[in-house]
Amino acid sequence: MTSKPSYPEKTATRLVNGGRDPFAHHGFINPPVYHASTLLYPSAAEYVAHRARYQYGRRGTPTSEALADALAGLEGANCAGVALLPSGLAAASVALLSVLRTGDHVLVTDSVYLPTRKFCDEVLARYGIATRYYDPLIGGRIAGLIQPNTRAIFVESPGSLSFDIQDVPAIADAAHAKGAVVLMDNTWASPLYFRALDKGVDLSIQSGTKYIGGHSDVMLGTVSATAATWPRLHGLVDAMGLCVGPDDMYLGLRGLRTMGVRLAQHYASGMKVAHWLAGRPEVARIMHPALETDPGHAIWRRDYSGACGLFSIVLAPVPQAAVHAFLDALTLFGIGASWGGFESLAIPFDCASFRTVTPWAPGGPTVRFHIGLEDVDDLIADLERGFAALAAAR
Ligand SMILES: Cc1ncc(COP(=O)(O)O)c(C=O)c1O
């Protein structure tokens, strides 16, 4: 639960100051971490009156309020509240549940994060909510898929494996014209580079595990809501008893302070590595919307103010064993899922087994990179070692 922050500063300043009030805490710069369940009342009359600012650890503490306030400050004037959840996947599933009920229909991008897709197929289906997947590049033509019972449209832009950029404002216009709400997984850009609530999104989801935490040591999810969607979201989080541990909330708050400079470095290093990869004969295509050659570049340039360190490549055809040799030869890139930490990562992937509307035929093996905060020339040297191993194994 949060109120709108009153400070007018730019994003970098908000990242530093949001959710902090040192002189409310003896001058200490950071807010204290409240480990809390039971809260005592000074009298029976106060207990019965239910007017205390805090009522129970699960329902909010100064620590959760500090993080929610800091996050709300990044979203802009259309943010009425931010819910904190124990993971990014929980944020996506709870946001969906907050707007859907039995008999509803939801449109979900075919590029959606696979566990979110599983939640739709396995859990929403069990409660009588039908999911239809759509081509991420559909734009305003999504109007043709909206049925009388379509309550929500879920976008994820760009998709976190395939990097298809969606025309979110056009989708939002079509949704709102027919009374549907728009949910967005905005983890890739974050509100620093894509102000989702200003572009027509009603519920903006982030895996705080990624760049908010930034150090690969915390699981966290956030949902930022407009005035129209906040009451049901907040009510559902409260009714389901969902809350985040105090130390994890603190790690989120601590991560936010440096998120701007970290993201700027991930962006710059990611661009340098992507440009270098584009010149390699082993690479057939780069999937990175900030590159001019990318099919989503015009929309990215129109709507986004930056990019994070996550992108994919298509290799010129080689046996899968050669792709594994490439990955195994890397010493600075770890092989692991998730992303958004300080370290570089690389994984092989294949969307063919789960995409249902848009066939996945990239023309060669695909690899996703997360470009971390290491020296970028060291990363490039590491990739050169990988390509030498790939050549030896083909
Ligand atoms: C785009 C995207 N959304 C959501 C999630 C889920 O976040 P979490 O791991 O915090 O549940 C991930 C995790 O990899 C992701 O890549």
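Details
- Residue check, residue 16 open to solvent by less than 10 Å² (accessible area, probe 1.4 Å) and not hydroxyl-bearing (Ser, Thr, Tyr): no
- Qualifying residue in the range 253-269 (condition: open to solvent by 20 Å² or more (accessible area, probe 1.4 Å) and part of a loop (DSSP other than H, G, I, E, B)): no
- Search result, residues across the range 107-122 that are more than 21 Å from residue 165 (Cβ to Cβ) and within 13 Å of the ligand (Cβ to nearest atom): 115, 118, 119
- Test result for residue 110, of a type in the set (D, E, K, R), touching a Pro at 6+ places or on another chain (Cβ under 7 Å) and either over 26 Å from residue 227 (Cβ atoms) or touching a residue at least 40 places away in the same chain (Cβ under 8 Å) (or both): yes
- Condition check for residue 101: more than 15 Å from residue 354 (Cβ to Cβ), touching a helix residue (DSSP H, G or I) at 6+ places or on another chain (Cβ under 9 Å) and not small (Gly, Ala, Ser): yes
- Applying the condition of being away from the ligand (no atom under 16 Å from the Cβ) and open to solvent by 40 Å² or more (accessible area, probe 1.4 Å) to the range 78-102 and asking which residue is farthest from residue 245 (Cα to Cα) yields 102.
- The conditions of being within 25 Å of residue 291 (Cβ to Cβ), more than 16 Å from the ligand (Cβ to nearest atom) and either touching a Ser or Thr at 6+ places or on another chain (Cβ under 7 Å) or open to solvent by 10 Å² or more (accessible area, probe 1.4 Å) (or both) are met by residue 195.
- Failed item in (1) in contact (Cβ under 8 Å) with a residue 40 or more places away in the chain; (2) buried (at least 20 other Cβ atoms within 10 Å of the Cβ), with residue 119 passing the rest: (1)
- Search result, residues across the range 254-313 that are over 19 Å from the mean Cα position of the chain (by Cα) and hydroxyl-bearing (Ser, Thr, Tyr): 269, 293
- Boolean, residue 192 is at pLDDT 95 or above and over 18 Å from residue 305 (Cβ atoms): no
The values are calculated or read from the model by the stated rules, or taken from the named source; none is laboratory data. What you are looking at is a predicted structure, and each value in this text was computed from that prediction instead of being measured. Heads up, the Cβs are rebuilt from the backbone with ideal geometry, glycines too, and the neighbour counts pull from every protein chain shown. All accessible areas refer to the heavy atoms of the entire protein, side chains included, with ligands and DNA or RNA removed. Shrake-Rupley method; radii C 1.70, N 1.55, O 1.52, S 1.80 Å.
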